[in-house]
There are 2 protein chains.
Amino acid sequence: MVYTIGPAGQLVLLPSGRRGAVPLGSDLLEAARSLGVELESICGGRQTCGKCQVIVEEGHFPKHGLTSTLAHLTEPDGRELAYWSKNGSVARPPAGRRLACAAHVLGDLLITIPEESQARKQIIAKAATERVIDVQPAVRQVYVEVRPAALHDNVGDWERLQAALAEQWDLTNLSIDPIILPTLQPALITHHSSLITQNLPLTITLWQDREVIRVQPGYAEGVYGLAVDIGSTTIVAHLCDLRTGAVLATQATVNPQVRYGEDLMSRVSYAMMEPQGVARLHRAVIGALNELAQKAAAEANLTPQDILELVVVGNPVMHHLFLDIDPVELGGAPFALAVSSPLDLKARDLGLKLHPAARVHVLPCIAGHVGADNVAVQLVEAIHQQEDLMLVIDVGTNAEIVLGNRERVLCASSPTGPAFEGAQITHGQRAAPGAIERVRIDPLTLEPRFKVIGCEEWIEPGPAASVLATGICGSGIIEAIAELYLVGLIGADGRFNVAQAAGLPQAAGLRYNGRAAHYVLAGANQTTSGRPIVITQADVRAIQLAKAALYAGVKLLMAHLGVSQVERIVLAGAFGSFISPLHAMILGLIPDCDLGRVIAVGNAAGDGARLALLNRGQRLEAARLARWVEHVQTATEPTFQDEFVAAMAIPHAADPFPHLEGILPRPAAGPSLRPSQRRQRGRGLGD
Amino acid sequence: MVYTIGPAGQLVLLPSGRRGAVPLGSDLLEAARSLGVELESICGGRQTCGKCQVIVEEGHFPKHGLTSTLAHLTEPDGRELAYWSKNGSVARPPAGRRLACAAHVLGDLLITIPEESQARKQIIAKAATERVIDVQPAVRQVYVEVRPAALHDNVGDWERLQAALAEQWDLTNLSIDPIILPTLQPALITHHSSLITQNLPLTITLWQDREVIRVQPGYAEGVYGLAVDIGSTTIVAHLCDLRTGAVLATQATVNPQVRYGEDLMSRVSYAMMEPQGVARLHRAVIGALNELAQKAAAEANLTPQDILELVVVGNPVMHHLFLDIDPVELGGAPFALAVSSPLDLKARDLGLKLHPAARVHVLPCIAGHVGADNVAVQLVEAIHQQEDLMLVIDVGTNAEIVLGNRERVLCASSPTGPAFEGAQITHGQRAAPGAIERVRIDPLTLEPRFKVIGCEEWIEPGPAASVLATGICGSGIIEAIAELYLVGLIGADGRFNVAQAAGLPQAAGLRYNGRAAHYVLAGANQTTSGRPIVITQADVRAIQLAKAALYAGVKLLMAHLGVSQVERIVLAGAFGSFISPLHAMILGLIPDCDLGRVIAVGNAAGDGARLALLNRGQRLEAARLARWVEHVQTATEPTFQDEFVAAMAIPHAADPFPHLEGILPRPAAGPSLRPSQRRQRGRGLGD
């Protein structure tokens, strides 16, 4: 770089519009940087990577007060021409294009920086509150040129590479993963020298600017990572391009641990009772991750060996089993975590078949029941940055509840059980094509219509449907019960209004055999099994228990914070992105709130893992959050039982829902009970 | 600890004799430390390990000017009594004994610190110059007590352990090897609380005070390491107690790589030619190390899982193959090392079956032909600290030569080939029981007598021996040829004096069939094979070539340093600890020197590895040395060929050996040749 002290050129950079005087002689990479605009560059200004391409606008631009022309830049030198010629433009740059690192300023210039040359790649967090996050991953590539070995220069290849990285990239105190040492010499030998210098070109992949984890011959491009949410039921993996932040593939699979136990407690029992239990559960999840990595890589035309980092989140039991740690202590008080802080380890130590030196980052856990998945949700929703009092509910096999704003954030877990995931429901199933996900009941005919996942149309009652239902998932059952309540087929206590059954036409759905009632949601001609899909009294009870546990947890956190109203609600988790806020509120699953401010966001934990994969700062934020957030142990709160019982009623035995005014039925289903009766009755409901 | 500001007691510590005033109330551990005397303590003053035991001398000591009595210490408290009772002294300390950490000073005291309680364990380096090295290994144990998990305390076990280590040992910024995370909770649960406090006792093993690599329940003792020299022919392993520095077991084995090639170059060729060559050579050495670890551990009643660190040295080819790096670049100029600096890695990454979190430290290499084994030799011999000009020759398949003193140290390698190890010698073999290791030839009868390894007696010529010879090793062949020269059976040019053969009695040993001569060292009745062991003309030539290469290298280094005489010589390496300096000098293997200052030290490389295993500072010293020492590339020196040719003669064609005055025969064997003739003839010798 030649800096001429003296006259300066006016430089205007589009699209940002930044402008300023830059010394004549400086190269455009430096000049743009001096105006605060960072250009992409992998090769560090060696005219190799072509990432810093800019477009020189030619002409007179009165608005900007200057005349810009290619002649206001130095001519392309041999090295730049070599780049263009290697990239299809024989011996000259394409019209208007230059490499910013090679072109030196000779006068006024108007430069457009195409999006691909802008250094700060950004991603949008798919949160309730849209946020923009810089792509600053822990793993990145740099291009270096290493001086060749010489007879009287006795240092090794690795030491000469270290010298090159220090000199060309200011990277010092680097280590190298010993497992890739054997690849260094072959990579150096591949090219005997670079195009221009006698030095040997290499592309180095770095982890946290601390450790060399890959060495590739010559100039290479491509660094990928996998963000994984290990749910008790479902494992989701996002394969990301760590340079652009783009999601290249998303794959999901059933957690194969389900074969050893449907819910968390049964897996903890399995780990405790079976001699090889922990090892089996650990191998199951690692096997599933290897398969997901394989599938996701294949979808993006890559191999698992292209994956250099894995970020993992999961609830504490999943977190421990992923690390091969016995989860038995999580099964009983004091619910001791073996490790709570974030961890960095090597994928190979866990049996993961990614790149041999691939890294794993595991987000921290908050408490024995509030894990790294919840930290990930908090990261995405950034509750700790909100003005409004925000309630985030993440429902999986357990429900995690987070309540707060930038002043203070509380969290808790509630033992909802797996009902919201469709388990323990007569025709329940997880959200998959064929599952009934939406339900409406006609208030006049009391007949149902429904939608199944994978089909846009509503299926009307009666005629044989062209799309057959396989079962009902969490969002479907929530809507079904809320609708049954709205039309009066079940009362606030959750009981089927069997008196009505006799008076209804057969098609209306409610059946009563003198002992038990159920509601027919889909007729035998509308299902794959050829048998009706029904909601039983037991199903309603299971949902009541689950929602009461959740609501009681929310109330406890509100009491801890001394508030009686929340300003925003985010529903996350596996019961479906498409849960209807209205029906959730009618059912009394969430407290009263402006319905326009209740949002369902789907798998927020997976999105949080993606943020941590793409941005190093977000990992630090996660570690800070995990220790700053206050955890409330709901199980030991003296008022939990009372809150739980009151929350059994639909929508609630005591709490008002002003935002459902005119939607909820009049309290005609029965006079409200006195507290003592409520309690007695409430207790009986669990039977 | 209770410190009373005010009156002090006089404390005298034996055996050091250190004395001084210490505040009344301070405990003896603190008090001794204040006088600069460090006591052993693993538990950190918790009256658990019993390592800080001291003996209180009772009586009046006029020499020291004080009266010392047990009454000048506080009474043993419950915790100390618990220790003594657990260790066999029911409810009271044995006569005169106290735990220094538990006894507080109340008056004047004369204390003897038994050797086992002295903190600074030391080892003697088995070098030519005896040196004392502190035992300060990279791996050590500490005892901690961790607060138990509690319902409202959400940090994990690891985080509580970190807090305990910071508080009780001032150890911060620690990481834990993720592979041992699963062992932490079970270790904590083993003891529900320690004897006295409610806290949970653990013994932690640390690597470099940076990483936790083992967690054991309660109080535990025992930390072991393995120092390994990977020779081309032989691998030697020393199992050491890292607390005391003691060598618990030494095991050696033939390097199984020999099946793929006897010498280094043939192994490099194998690696180059065979598709799986590098992997096979790597697996062979790892397999051998696993076997050595197994055997050494068994000898010390341990298991390989008790080994927490391995220190490895070897020549560059062995070094690379140990790391699974292709050594092909070491086979040709510029002899590029893939890595030269010291390396720390995890044993499991190499397939070593030691403790799952065991570490490996690999010493640095100096150049493509001067490896970590030579650095280890330099470490032991501490050439860089000597006043005298010292020459160290380490002979294996190649010879490494180091010359210098504290001002400047040069090193080089010489391609001696494996003749000194017994290879390429008709009846050669490596040093093992049954090998002829010493030879004398009667100057009058010209008959030989010899000693074999494993038997103290000299075997005389003629009668059937009770101990049979299997072959001849390096030191044997050197002595044999030197003796043949001394008695005039071979000339300075190395040729058998066949004219004598006719005139000798049959028993005298020299045989000549008209075309070739040989000397019978052991008769058919003295060998295991039933056939005579002989020295052929070709054997003499092979040794001449080897010693000439070595001597020429020495001369080059002397020329570089501008010296004509060395002051001390150390002979190290596999040709036997018992090489006779006199015979080596007669043969002209080493330059002239006071024979009293020529010492053979055996496997110095293995001893250097042991130093680096037992002392962290020695590793830093090794790293510094490897870059400070100047390497001379002998092969490219223009004078090497001339020096080589001159050194073919016995002892040398030109150099005087004043220290052999009266020992060497008169130059009657023939007139010395003129240089030009010497050169011509010298070249012919290799045929």
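Observations on the model:
- Within the range B:321-357, the set of residues being modelled with pLDDT of 95 or more, over 22 Å from the mean Cα position of the chain (by Cα) and among the acidic types (Asp, Glu) comprises B:ASP324, B:ASP326, B:ASP349.
- Verdict on A:ARG210 being within 14 Å of another protein chain (Cβ to nearest Cβ) and in contact with a Lys or Arg (Cβ under 6 Å, 6 or more places away or on another chain): no
- Tally of residues being within 21 Å of A:ALA605 (Cα to Cα), within 12 Å of chain B (Cβ to nearest Cβ), among the aliphatic types (A, V, I, L, M) and part of a helix (DSSP H, G or I) across the range A:310-335: 2
- If only residues of the range B:346-356 that are outside any loop (DSSP other than H, G, I, E, B) and more than 7 Å from chain A (Cβ to nearest Cβ) are counted, the one that is surrounded by the most Cβ atoms within 10 Å (Cβ to Cβ) is B:ALA347.
- Extreme residue, surrounded by the most Cβ atoms within 10 Å (Cβ to Cβ), among residues of the range A:366-382 that are in contact with a His (Cβ under 6 Å, 6 or more places away or on another chain) and part of a loop (DSSP other than H, G, I, E, B): A:GLY371
- The criterion of being more than 8 Å from every other protein chain (Cβ to nearest Cβ) and hydrophobic (A, V, I, L, M, F, W, C) does not hold for B:LEU343.
- The range A:598-626, subset touching a residue at least 60 places away in the same chain (Cβ under 8 Å) and charged (D, E, K, R), residue farthest from the other protein chains (Cβ to nearest Cβ): A:ASP607
- Those residues of the range B:397-444 which are among the hydroxyl-bearing types (Ser, Thr, Tyr) and over 19 Å from B:ALA572 (Cβ atoms), in sequence order: B:THR426
- Scanning the range A:398-433 for residues that are surrounded by 24 or more Cβ atoms within 10 Å (Cβ to Cβ) and β-branched (Val, Ile, Thr) returns A:ILE401, A:VAL402, A:THR416, A:ILE425.
- Selected residue (only one of B:ARG214, B:ARG243 is among the basic types (Lys, Arg), in a strand (DSSP E or B) and closer than 21 Å to B:ARG140 by Cβ): B:ARG214
Conditions tested, residue by residue: (1) modelled with pLDDT of 85 or more; (2) crowded, with 17+ Cβ neighbours inside 10 Å; (3) in contact with an Asp or Glu (Cβ under 8 Å, 6 or more places away or on another chain); (4) under 22 Å from B:PRO217 (Cβ atoms).
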| position | (1), (2), (3), (4) |
| --- | --- |
| B:SER26 | yes, yes, no, no |
| B:GLU38 | no, no, no, no |
| B:SER41 | no, yes, no, yes |
| B:GLN47 | no, yes, yes, yes |
| B:GLU58 | yes, no, no, no |
| B:PHE61 | yes, no, no, no |
| B:ALA71 | yes, no, no, no |
| B:GLU80 | yes, yes, no, no |
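- Selection of the range B:133-148 for residues being in contact with a helix residue (DSSP H, G or I) (Cβ under 7 Å, 6 or more places away or on another chain), in a loop (DSSP other than H, G, I, E, B) and within 14 Å of another protein chain (Cβ to nearest Cβ) yields only B:ARG147.
- Among helices (runs of 4 or more DSSP H) entirely within the range A:576-664, having at least 1 residues that are β-branched (Val, Ile, Thr) and in contact with a strand residue (DSSP E or B) (Cβ under 8 Å, 6 or more places away or on another chain) singles out no element at all.
- Of the residues making up the range B:556-571, not a single one is among the basic types (Lys, Arg) and farther than 23 Å from B:GLU381 by Cα.
- Condition met for B:ALA431 (modelled with pLDDT under 90, touching a Cys at 6+ places or on another chain (Cβ under 7 Å) and under 25 Å from B:ALA399 (Cβ atoms)): yes
- Within the set A:ILE441, A:ILE436, the sole residue that is over 31 Å from the mean Cα position of the chain (by Cα), crowded, with 18+ Cβ neighbours inside 10 Å and modelled with pLDDT of 90 or more turns out to be A:ILE441.
- All of (1) touching a helix residue (DSSP H, G or I) at 6+ places or on another chain (Cβ under 6 Å); (2) modelled with pLDDT under 90; (3) hydrophobic (A, V, I, L, M, F, W, C) hold for B:ALA423 with one exception: (1).
- Consider the range A:170-181 and keep the residues that are within 13 Å of chain B (Cβ to nearest Cβ) and polar (S, T, N, Q). The one that is nearest to B:ALA372 (Cα to Cα) is A:SER175.
- Taken over the range A:365-375, the criterion of being more than 9 Å from chain B (Cβ to nearest Cβ) and closer than 14 Å to A:PHE322 by Cβ is satisfied by A:GLY371, A:ALA372, A:ASP373.
- In the set A:ARG147, A:ARG140, A:ARG97, only one residue is touching a residue at least 40 places away in the same chain (Cβ under 8 Å), over 29 Å from A:THR244 (Cα atoms) and out of contact with any Cys (no Cβ under 7 Å at 6 or more places or on another chain); that residue is A:ARG147.
- Looking across the range B:155-169 at every residue that is at pLDDT 95 or above and facing chain A (nearest Cβ under 7 Å), the one that is surrounded by the fewest Cβ atoms within 10 Å (Cβ to Cβ) is identified as B:GLU159.
- Exactly one residue out of B:TYR512, B:TYR485 is touching a residue at least 60 places away in the same chain (Cβ under 8 Å) and of a type in the set (Phe, Trp, Tyr): that is B:TYR485.
- Scope the range B:528-543; condition over 17 Å from B:ILE490 (Cβ atoms) and either among the polar types (S, T, N, Q) or surrounded by fewer than 17 Cβ atoms within 10 Å (Cβ to Cβ) (or both); matching residues: B:THR528, B:SER529, B:GLY530, B:ARG531
- Answer residue from the range B:189-238, given it is at pLDDT below 90 and of a type in the set (A, V, I, L, M) and is farthest from B:ALA358 (Cα to Cα) among those: B:ILE196
- Within the range B:469-485, the residues that satisfy the criterion of being modelled with pLDDT of 90 or more and either surrounded by fewer than 16 Cβ atoms within 10 Å (Cβ to Cβ) or not in a helix (DSSP H, G or I) (or both) are B:ALA469, B:THR470, B:GLY471, B:ILE472.
- Scan of the range B:410-420 for residues that are modelled with pLDDT under 90 and hydrophobic (A, V, I, L, M, F, W, C), ordered by number: B:ALA419, B:PHE420
- The residues of the range B:454-464 that are of a type in the set (A, V, I, L, M, F, W, C) and either buried (at least 20 other Cβ atoms within 10 Å of the Cβ) or outside any loop (DSSP other than H, G, I, E, B) (or both) amount to a single one, B:ILE459.
- Verdict on A:LEU556 being within 29 Å of the chain's Cα centre (by Cα) and not in a loop (DSSP other than H, G, I, E, B): yes
The values are calculated or read from the model by the stated rules, or taken from the named source; none is laboratory data. Everything quoted here is computed from the prediction, not taken from an experiment. Virtual Cβ from ideal backbone geometry, glycine too; neighbours counted across all protein chains shown.
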